[in-house]
Structure formats: C-alpha cells, structure tokens
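Remarks on the structure that follows.
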Amino acid sequence: MNASAASASTNSAQAYFSCQDIHSYYGESYIVQGISFDVPEGEILALLGRNGAGKSSTLRTIARLDDPSLQRGEIWLAGEPLHKMKSHEASVHGVGLVPEDRRIIPGLTVEENIKLAQIVEPKGWSINQIYELFPRLGERRKQEGITLSGGEQQMLAIGRALARDIKLLLLDEPYEGLAPVIVQEIEKTLQYIRSEGMTTIIVEQNAVAALKLADKAVILDTGELVYQGDAKEVLENEQLRHDYLAI
C-alpha cells in the first residue's frame, strides 16, 4: 500500500466531507473494503482506478443508494451523518449524484427536467443561472431532453443537479463518449462551480483529464484504497500511474 494511503486523516470528523472505514457489498460480493478519505469544502477529488476497482460503488454508497449496501463505516457531509440516511434523505441533505447513464426523463423538455428537480427538492441555482452556465441548454429549453446530443445531456444532468440545493456533486464518468471539445467545455464548467464553492467527487476513466482538473486524488484497487494525496503527485508519478491506472 502506498504510504499516502496508510495515513488516514486525523481530522475526518471535522472535514467537510468524509468517508471513514466504509465497507459495502453487492449481495455476498465484498466491493468497497474499508475506504477512508476526506474532501475539503470547495475542492474537486478524482476517484480513480481500473475497471472493477470499486469507484462507482463508492459513489453509490455515498449517495446512499440501496446497492451496494453499506455494512460498516461512517459518511459525513457538513456535519450530517449520511450513513444513517436513506437515499432520499441524503439527497435532501445536499448529495447530488449525476449517474453514468444521466437519467434524463423521457417526454420532458430540457426546462421541465430542470424544474422537476426544483419541485421535489429545495431550490439551488435558478433556471437562468443554469442557462448562463450552459448556453446550449437555454437554446434548447423547449426541446425534449432525451433528443439532445450526449454532451448536451451531460450538461442537462449537471444542470439538473445544481438546480437543487446541493453541497456535494458526485459525477460518474461524465466524459464518457464525449468529443474532446465537449469535455473541455464541461471541465471549464466544473472549474467555475468549484470557484463558487462546490465540493465535487469525480469518477472518470480518462484519468489524466480528471487529475488535471482535481485538487486531490484517491486511487482504488479491487475495493481497497491504495493512494490518497495531491492530484499533481499522481500526474508526476509514472510508477503509480503504471501500477494502478495503466497509463
């Protein structure tokens, strides 16, 4: 195990977001195996690893979805114990998950997708703020959401999350299948919302892109944490990238 992985934060209870020794299962399969890490408020953390390392399962555990099931450990956000909550309660307390499949609601326009999020949860960013962030969505506000391009659907999924009063943005493979120019546009957006104080965890197979964006990095390998530290250190450490990221 990397030395950085072994040194769990001594200030976890005071951290803005913190996972403390979390263990999660899919049925009998032991997926997330004792992971601990913190994310300071307003920072971006890249959660990395090869396929099957447990990255998406960790996000789903944080969001308190039914699978994987959290068997042990604590998850804290702004002093609130997420580990004691169901998914809808975690959502109300500020967790916003943008899943890999984006889950744009069929039959609803771009604007209706965003407004629905504001109906069922406390209001965050206004419709106009989201359109300023993503001008393409404003241009297509009356278009059915599922007819958008992949990049535009990703913008809508992020915008819909921001429309709620979230404290923690969880992004699962936000760049998958997107053209480089769209990836760059979304990166600029994430940099902007970080400047506005948003705390973000990003799971992304494009590890280099995620590391260039992130402040901190966590690397998982078969469900265990093998590194946590500065994202820049991972970019500069060829052996670490080779061993755990295959880059």
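Please specify each residue of segment 166-217 satisfying the condition of being surrounded by fewer than 21 Cβ atoms within 10 Å (Cβ to Cβ) and among the polar types (S, T, N, Q).
Across segment 166-217, the qualifying residues are Gln184, Thr189, Gln191, Ser195, Gln205, Asn206.
Residues in segment 66-81: is at least one touching a strand residue (DSSP E or B) at 6+ places or on another chain (Cβ under 7 Å), within 14 Å of Ala157 (Cα to Cα) and surrounded by 16 or more Cβ atoms within 10 Å (Cβ to Cβ)? Give the steps one after another, and end with the answer.
As a first pass, look at segment 66-81 and keep what is touching a strand residue (DSSP E or B) at 6+ places or on another chain (Cβ under 7 Å): 67-77, 81.
Subsequent filtering for residues that are within 14 Å of Ala157 (Cα to Cα) retains none.
No, there is no match, as no residue in segment 66-81 is touching a strand residue (DSSP E or B) at 6+ places or on another chain (Cβ under 7 Å), within 14 Å of Ala157 (Cα to Cα) and surrounded by 16 or more Cβ atoms within 10 Å (Cβ to Cβ).
Suppose we keep only residues that are in a loop (DSSP other than H, G, I, E, B) and over 17 Å from the mean Cα position of the chain (by Cα) within segment 63-90. Which one would you say is modelled with the lowest pLDDT? Even if it seems obvious, please write down each step before you answer.
Step one: filter segment 63-90 for residues in a loop (DSSP other than H, G, I, E, B), giving 63-68, 78-79, 85-86.
Filter again for over 17 Å from the mean Cα position of the chain (by Cα), leaving 66, 79, 85-86.
Numbers: Asp66: 84, Gly79: 96, Met85: 97, Lys86: 95.
Result: Asp66.
Kindly list the number of the only condition in (1) among the charged types (D, E, K, R); (2) part of a helix (DSSP H, G or I); (3) buried (at least 19 other Cβ atoms within 10 Å of the Cβ) that fails for Arg102.
(2)
The conditions are (1) modelled with pLDDT of 95 or more; (2) surrounded by fewer than 18 Cβ atoms within 10 Å (Cβ to Cβ), and Ser12 fails exactly one of them. Which is it?
Condition not satisfied by Ser12: (1).
Here is a check on your reading of the model: is Lys55 of a type outside the set (S, T, N, Q) and either buried (at least 20 other Cβ atoms within 10 Å of the Cβ) or not assigned by TED's automatic domain parsing to the domain that holds Gln20 (or both)? If you could, list the steps in order and put the result at the bottom.
Details: of a type outside the set (S, T, N, Q): yes; either buried (at least 20 other Cβ atoms within 10 Å of the Cβ) or not assigned by TED's automatic domain parsing to the domain that holds Gln20 (or both): yes.
Here the answer is yes, as Lys55 does meet what is asked.
Considering only segment 235-244, I want to know if a residue exists there that is modelled with pLDDT of 95 or more, crowded, with 19+ Cβ neighbours inside 10 Å and in contact with a strand residue (DSSP E or B) (Cβ under 8 Å, 6 or more places away or on another chain).
no
The values are calculated or read from the model by the stated rules, or taken from the named source; none is laboratory data. These figures come from a predicted structure and were not determined experimentally. Cβ sites come from the backbone with ideal geometry, for glycine too, and all protein chains shown count toward neighbours.
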